[in-house]
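Here is the structure we will look at, set down as structure tokens.
The values are calculated or read from the model by the stated rules, or taken from the named source; none is laboratory data. As the structure is a computational prediction, the values presented were derived from the model and not from experiment. Quick reminder, even Gly has a Cβ in these numbers, built from the backbone with ideal geometry, and neighbours come from all protein chains shown. Surface accessibility is based on the protein's heavy atoms, side chains included, excluding ligands, DNA and RNA. Shrake-Rupley method; radii C 1.70, N 1.55, O 1.52, S 1.80 Å.
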Amino acid sequence: MPVDLFRLISDGKTRMVLNEGSSSGETWIREIDAAERAKQKNDRAWKFVLDQIFIAGDRRSVKECVYRGEGNANLVLALPCERKVVRFRKSLPGKADPDGGEARTRQENQFLRVVILRFLGEYVQPPEIIRGRPEDMALLSEAIRSLRPESRRGKDIVEEYVTKYVDYAFLPAKLTDSLQQYHCSRPTFCVEIKPKQGFRHESDEQFQRCTYCLTQYSKMNSGVIKSRSTYCPFDLFSGDAERMKKSIHGLLKSPQNNLRIFKNGNIIYDCNSNPDDLEYILGEWFVASRYRSMEQYLKIFVRLVSTALLREFHHTPMNESAYCPLARISSQDCDNETRIEQELVVKAKKLLYLSDYECNFIGGDLLPDSVLGRIRRMQQLPYYSTDIVYKIYLKYIRIWNDNSIYSSMIRMHSSKKNELPIRIEELCERCESARTKDASSAAYSSVNPSESTNTLKPKIPGKNGNNSTASADFRSNKLDRNLDETEGEINIVITNDELRALQNYLLATTAKDCSILMAFQEIDSACIPNVAEPNVVETDQLSFLVNVGILDVDPKSIHCIKKHRKRDINVLVSVTKILEKEV
Ligand SMILES: O=P(O)(O)O[C@@H]1[C@@H](OP(=O)(O)O)[C@H](OP(=O)(O)O)[C@H](O)[C@H](OP(=O)(O)O)[C@H]1OP(=O)(O)O
Ligand SMILES: Nc1ncnc2c1ncn2[C@@H]1O[C@H](COP(=O)(O)OP(=O)(O)OP(=O)(O)O)[C@@H](O)[C@H]1O
């Protein structure tokens, strides 16, 4: 834009330029006007967010009901007037993205719309992106500090780009609006389950226990939990009534970070609760039931939750073409180089065998459009064994980063045939030309969503093989990214199948870490509103309106492959340590 024009616009004299203007000047002005309108709209949206969070007129105290929860990466606050939540990315001190999280947030949003929706359909509702002000983040962070669990306070909310999602702890207005005529205002109860891994590939069948059950040993060993849970994801994903009941009982007994119950958006049962409180909680929930014993309450709870997990709520096309098998790999890719030390594996296997307990890996039928069916199907995406995925990771990590891997994935999933978007030779040329450019130039230069899908910019390795910009990897703030000297070679070309294996492994990881939220509101059977049939569940002479959503479907950083390798070794060490004492 010409400097004079810029000055005039920033002086607010746009009309004058329009009168004199050239056509290109007018285009600039239209763009600036649109940008200004968008900014004003964003500022209003942000103010509305803050007004719902802070106590009126006091920007230092938040309303108690707004803190919803947090995980490792994000903190979530409820927006009570809108039935929405706002999700803030957390960062370690000094590790926030320099662009306020803009590039990452935009790519995550695009990943969700283009890739995730094709797997999980309408169980996921894409968010709205809002840009807050850094000074408000500091105020917010201070004001909510006391509401946060001690163990999560190491990270803070700093980045100004935030996302606003539907609040799945409540029913959507389209279901509840019709209730108003019946003056029905019963509380909404919500059950959150983080089911974890309910499917494993044949190539990963090493142990008689599943990843979740094995991870319990390392959590015990590190003191995160006091006793191992009896919950097994394979039982939940089996679809079999008895096995599901067993798994739900396991979750209630030891909720850990896998089960939470909310009443009107407030947490009433989680890992900090006493299981003895359950009787009171369920009694309050099923107050209209003619039953009164804990056993009977549990029966209703299990039926209700199982029905919500197994029922088909939405029918949207699934991305079946993503499941085409990978080419067979050559025998040299199966060598021992990147396998976990066999001695440790054998020892753990033997101890697990002696412990005389195994997970039931038999997977039952799930309806394809049920929430469990959708999640399990995504976990089934083809990839080579975890050993080989780790090997591919080490081989290419100097060339591929989160930005390049997800840009290519988004392009692949946008294409009708699900083809890899780029010829491998083309990628090579790009790597070569990128390397000859100034190593300090940004690998992740595009924050424009349309650009980020159309250009693949491989990362430019720095001196030690480290990435030249932080933002090329989404979760750079929480991973040790100092690559060993031996890791990665630059002059090698990834094959289509290797790239697909990496991408599918990451997608499956997202599906192994997402959460399901089920909201229930009891209604009189006499006044069942005119809503779609799947949203009404009738059990034990009670009727409920139900809604189911999936959350936390963020793209996983490519470096989680390395993290998983460490986790798996740690798990086996913990298994041997604990079982040596037990068996
Ligand atoms: O590796 P896992 O299976 O222990 O899963 C991690 C979760 O641990 P969990 O076992 O569910 O307590 C972990 O959850 P917590 O922090 O333990 O609540 C995160 O969800 C982590 O994802 P990310 O690194 O934040 O993207 C999860 O890491 P990813 O596996 O998704 O990379
Ligand atoms: N759309 C939503 N509606 C209702 N509650 C939500 C929503 N999104 C998140 N929450 C609540 O906030 C909590 C933390 O959110 P989220 O799972 O996104 O955090 P995270 O840091 O990404 O988790 P993880 O540690 O699994 O990576 C959830 O467990 C859930 O209770």
In the neighbourhood of Ile268 defined by beta carbon distances under 11 Å, the net charge of the other residues (Lys, Arg +1; Asp, Glu -1) is -1
Going down the list Lys84/Lys226; Lys164/Lys263; Lys155/Lys395; Lys299/Lys349; Lys155/Lys349, which pairs span over 30 Å between their C-alpha atoms?
-> Lys84/Lys226; Lys155/Lys395; Lys299/Lys349; Lys155/Lys349
Would you kindly state how much longer the chain becomes between Lys63 and Asn264 on full extension, computed as 0.36 nm times their sequence separation minus their alpha carbon distance, in nm to one decimal?
-> 70.9 nm
Sum up the charges of everything whose Cβ sits under 15 Å from the Cβ of Arg243, counting Lys and Arg as +1 and Asp and Glu as -1, but leave Arg243 out.
-> -1
Rg and Dmax of the stretch 146-281, using alpha carbons, in Å: what are they?
-> 18.5, 58
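Averaged per residue, what accessible area in Å² does the stretch 530-581 show with a 1.4 Å probe, protein chains only?
That works out to 39 Å² for each residue.
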Charge context of Val537, other residues only, Cβ under 11 angstrom, K/R +1, D/E -1 | -2
With N residues in the stretch 505-576, what two-decimal value do you get for its Cα radius of gyration over 2.2 N^0.38 Å?
-> 1.82
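Please state, rounded to one decimal and in Å, the Kirkwood hydrodynamic radius that the stretch 64-167 gives when every pair of distinct Cα atoms enters the mean of 1/r.
On the way: mean 1/r = 0.0697 Å⁻¹.
So the Kirkwood estimate lands at 14.4 Å.
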On the accessible surface of the stretch 64-167, probed at 1.4 Å with all protein chains in place, carbon and sulfur together account for a percent value of 49 percent
Per residue value of the accessible surface for the stretch 256-369 (all protein chains in place, 1.4 Å probe), Å² | 59 Å²
